[in-house]
Amino acid sequence: MTGPKIASELNPYHSAPRKADWTVDQRWHVYTHAEHERWDRLVARQNQILPARACDAFLDAKDHLRLSQSGIPDFASLSRRLSALTGWTVVPVAGLVPDPIFFAHLANRRFPAGAFIRPEQNFDYLSEPDVFHDIFGHVPMLAVPEFADFMVAYGEAGLRAAQSGHLTRLARLYWYTVEFGLVQTASGLRIFGAGILSSPAEAVYALTSPSPARIVFDLERTMRTRYIIDDFQRIYCVIDSLEGLLQRCTLPFAPIYDSLLEAPDLEPGPTTAEDRLISA
Ligand code: HBI
Ligand code: FE
C-alpha cells in the first residue's frame, strides 16, 4: 500500500504564507470543481462502507457536523458547528507540523488539518494527511465529549513528553488509538481510529481479516509496540469504551514511562502471553 509521496508542487499550501503556529489560510474559494467533486466521491465511498463498522458516536457526529454535504468543508463554518459541541476548532495547515506545534494546538482544542486534497492519482491512498483524512477521519470523533477531552490530555502529555524525551512511546498511544483504534460495543467490534475510518480497504480488513492480531488495549503494551506507517496494521488495540480510554490516559504518564525504562520495544505483530486476544 505504499503510495508515491505527494510532490510538494502539487500541494499549493507548501508555498503559502505560514503563521508562527504553522497555520495557513484555507482559501476555500480557490478549490477547483474537480477537487470538490473528488471530496464528494471519497465521502460517498466511505459512507457505503462505514455503517455497522464505524462506532455509532462517529456516525452520529459525522451527520451532526454535516460532513456528507457536497464539497470540501469550509473550516470556519465547520469549526462553528464543532465548537458548539465540544469547544474544538479545526485550523488549516499545509501538512505535517513539528511535534511541539502539533501538541500545543491539541492542548488548546485546535485540530491542525491538512487543507489540500490528495491528487486524483492518489485517490486510494496517500501517506500524508490530507483534508479527507484529517476532516472526515478525525473531526467527527472530536465532537464526542470523552474523545475530545482525551485529545486535550494527549496534547498536554505531548508537550511534556517532548521535554522529557518520551515522545516515541507517547506517539504509539496516538497511533494505536486515535489513528488505528477499535472499540468493543454491544453490537460488536467497531472502528474509531481515523486512519481506518478514512481507508475503504482497511475498514474492512481491520474488522474481519484473519491476519492481524486484535488485543485488549493495555497502555503499557501500546507504548512498547512499534508501528508500521506504509501498510495495513498487523495489530489492533481494542478499547472497552471511550470513557475508559479517557480515564486511563488522563492519569500522569511519567510513572509509566519510568516503569517501562527497562522494557524492550515489541514488534507490531506477534502477540505475547499477557495479551488478551479478541476474535473478529
Ligand atoms: N502534524 N498536521 C499534522 N498531523 C499529525 O497527525 C501530526 C503532525 N505532527 C506531528 C504528529 N502528528 C505526531 O508526531 C504525533 O501525534 C505523535
Ligand atoms: Fe491522522
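Values in this text are rule-based calculations from the coordinates and carry no lab data. Predicted model only: the values in this text are computed from it and were never measured. Heads up, the Cβs are rebuilt from the backbone with ideal geometry, glycines too, and the neighbour counts pull from every protein chain shown.
For THR225, the amide hydrogen comes within under 5 Å of the amide hydrogens of LEU266, counting only partners 5 or more places away or on other chains and with H modelled in the peptide plane. Measuring between their Cα centroids, region 224-280 and region 63-81 lie 33 Å from each other.
Per-residue 3J(HN,Hα) values for region 74-87, derived from phi via the Karplus relation 6.51 cos²θ - 1.76 cosθ + 1.60 with θ = phi - 60°, read 7, 4, 5, 6, 4, 4, 5, 5, 5, 5, 5, 8, 9, x Hz in sequence order (x marks Gly and Pro). Taking only the Cα atoms of the chain, the ratio Rg/Rh comes out at 0.94, with Rh defined as the Kirkwood radius.
What the Cβ-Cβ distance of SER77 and ARG18 gives, at R0 = 25 Å and to the nearest 0.05, is a FRET efficiency of 0.65. The three principal axes of the C-alpha atoms in region 147-217 carry coordinate ranges of 40, 24, 23 Å, sorted with the longest axis first.
Projecting the Cα positions of ILE196, ALA61, ILE256 onto the charge dipole of the chain (unit charges on Cβ atoms of Lys, Arg, Asp and Glu, taken about the Cα centre) puts ALA61 furthest along the positive direction.
In this structure, the amide hydrogen of ALA54, modeled 1.01 Å from its nitrogen in the peptide plane, lies closer than 5 angstrom to those of ILE191, counting only residues at least 5 positions away or on a different chain. Based on alpha-carbon atoms, the Kirkwood radius and the radius of gyration of region 61-118 give Rg/Rh equal to 0.98. So what's the gap between the Cα centers of region 14-43 and region 110-166, to the nearest angstrom? Cα centres, region 14-43 to region 110-166: 16 Å.
Per residue, how big is the convex hull of region 1-155 when only Cα atoms are used? Give it in Å³.
On the way: hull volume 18.0 nm³, N = 155.
It is 116 Å³ per residue.
Evaluated with a Cβ-only charge set (Lys, Arg +1; Asp, Glu -1), region 1-135 carries a dipole of roughly 260 debye about its Cα centre, given to the nearest 20.
Backbone phi angles across region 50-65, fed through the Karplus curve with coefficients 6.51, -1.76 and 1.60 (θ = phi - 60°), yield HN-Hα couplings of 7, x, 6, 10, 6, 5, 4, 4, 5, 4, 5, 5, 4, 6, 4, 7 Hz in residue order; Gly and Pro are listed as x.
How much length is gained on full extension from ARG226 to GLU243, taking 0.36 nm per residue of separation minus their Cα-Cα distance? Provide the component values of the computation, followed by the final result.
On the way: separation 17, 0.36 × 17 = 6.12 nm, distance 2.52 nm.
Using 0.36 nm per residue and subtracting the Cα-Cα distance, I get 3.6 nm.
Tilt of helix 33-49 relative to the longest C-alpha principal axis of the chain, in degrees (0 to 90, nearest 10)? Once rounded, the angle reads 30 degrees. Computed from the Cα positions only, the extents of region 131-182 along the three principal axes stand at 32, 22, 19 Å, in decreasing order.
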